[in-house]
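**Student:** My questions will all concern the structure given below.
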Amino acid sequence: MITTFAESVYELTKRIPKGKISTYKKIAIALGKPNACQAVGQALRNNPFAPEVPCHRVISSDFSLGGYFGSTSVTSNNLQKKIKLLKEENIEFDGTAIKKSTKYRESILFDFS
C-alpha cells in the first residue's frame, strides 16, 4: 500500500526534469515537512513507479548520491546504475561524485518553488 506521504513524494519527484537533480531535504521542505528527509528517502527506496518517477534524480544535501533501490555503496550495482542514468541525462561527474564545482552544482539543482 502506498501512503499519502509517499504519493506526495512521487508527485514532486516527477517534476524534476532530465539534467536536474534535487535532494531529499528539498523534497521534504517542499512538502512542508522539513525534518522528513529520511521518510522521503524511504518512500523513494520503495518507489514502484521507476523510471516514471525518476528517483535517481534525488541525492543527499551534501551532493553524495544517497541510495538507489536500497544500496548506498558506490561499488554496488544499483548505485552504479544511478550514476549511469544521471550521466545519460548529462549530469557531470568527477569519478563517482557529482562534479564538485559549486557553480555547476547550483546550476543543476531543481527548485520546486
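**Student:** Mind putting a number on the dipole of region 10-113 about its Cα centre? Charges go on the C-beta only, +1 for Lys and Arg and -1 for Asp and Glu, and I need it in Debye to the nearest 20.
**Tutor:** 20 debye
**Student:** What part of the accessible area of the chain, given as a whole %, is carbon or sulfur when the probe is 1.4 angstrom?
**Tutor:** 51 percent
**Student:** From largest accessible area down, sort Phe5, Phe49, Phe112; use a 1.4 Å probe on the protein chains.
**Tutor:** Listed by decreasing accessible area, they come as Phe49, Phe5, Phe112.
**Student:** Oh, and also: Determine the per residue accessible area of the chain with all protein chains present and a 1.4 angstrom probe, expressed in square angstrom.
**Tutor:** Averaged over the residues of the chain, the accessible area is 57 Å².
**Student:** Compare the Cα positions of Asn35, Ile59, Tyr10 along the charge dipole of the chain (+1 at Cβ of Lys, Arg; -1 at Cβ of Asp, Glu; about the Cα centre) and return the one farthest towards the positive end.
**Tutor:** Farthest towards the positive pole: Ile59.
**Student:** Once volume of the Cα convex hull per residue in Å³ is worked out from the coordinates, which option in [x] 156; [y] 106; [z] 95 does it equal?
**Tutor:** The value computed from this structure is option [z].
**Student:** Here's something else I'd like to know. So which lysines pass the test for Lys103, namely a Cα distance under 23 Å, with those fewer than 8 places away in the same chain ruled out?
**Tutor:** Those lysines meeting the cut-off are Lys18, Lys20, Lys25, Lys26, Lys82, Lys84, Lys87.
**Student:** Moving on. Report, in whole Å, the centroid distance computed from the Cα atoms of region 1-73 and region 77-100.
**Tutor:** If you average the Cα positions of each part, the centres end up 16 Å apart.
**Student:** Continuing with this model, one more query. Would you mind checking which residues have amide H under 5 Å from Ile21's amide H? H placed 1.01 Å from N; only 5 or more apart, or other chain.
**Tutor:** The list, which skips near neighbours in sequence, is Leu109, Phe110.
**Student:** Let me have the 222 nm mean residue ellipticity of the chain computed from DSSP H runs of 4+ only, each contributing -39500 (n - 2.57), with the sum over all residues rounded to the nearest 500.
**Tutor:** Here the helix-only value at 222 nm equals -11500 deg cm²/dmol.
**Student:** Can you give the angle from 0 to 90° between the axis of helix 4-14 and the longest principal axis of the chain, with both taken from C-alpha atoms, to the nearest 10?
**Tutor:** Helix 4-14 sits roughly 30 degrees off the main axis of the chain.
**Student:** Determine, for each peptide in 90-96, 38-44, 12-18, the mean count of other beta carbons within 10 angstrom over its residues, then list the peptides with the highest first.
**Tutor:** Packing order, densest peptide first, comes out as 38-44, 12-18, 90-96.
**Student:** Mind grabbing the accessible area of Glu106 for me, 1.4 Å probe, Å², rounded to tens?
**Tutor:** 130 Å²
The values are calculated or read from the model by the stated rules, or taken from the named source; none is laboratory data. Computed from a predicted model, the values in this text were never measured in an experiment. With ideal geometry, Cβ positions are generated from the backbone for all residues, glycine too; neighbour counts draw on all protein chains shown. Keep in mind that these areas ignore ligands, DNA and RNA; they rest on the heavy atoms of the full protein, side chains included. Shrake-Rupley method; radii C 1.70, N 1.55, O 1.52, S 1.80 Å.
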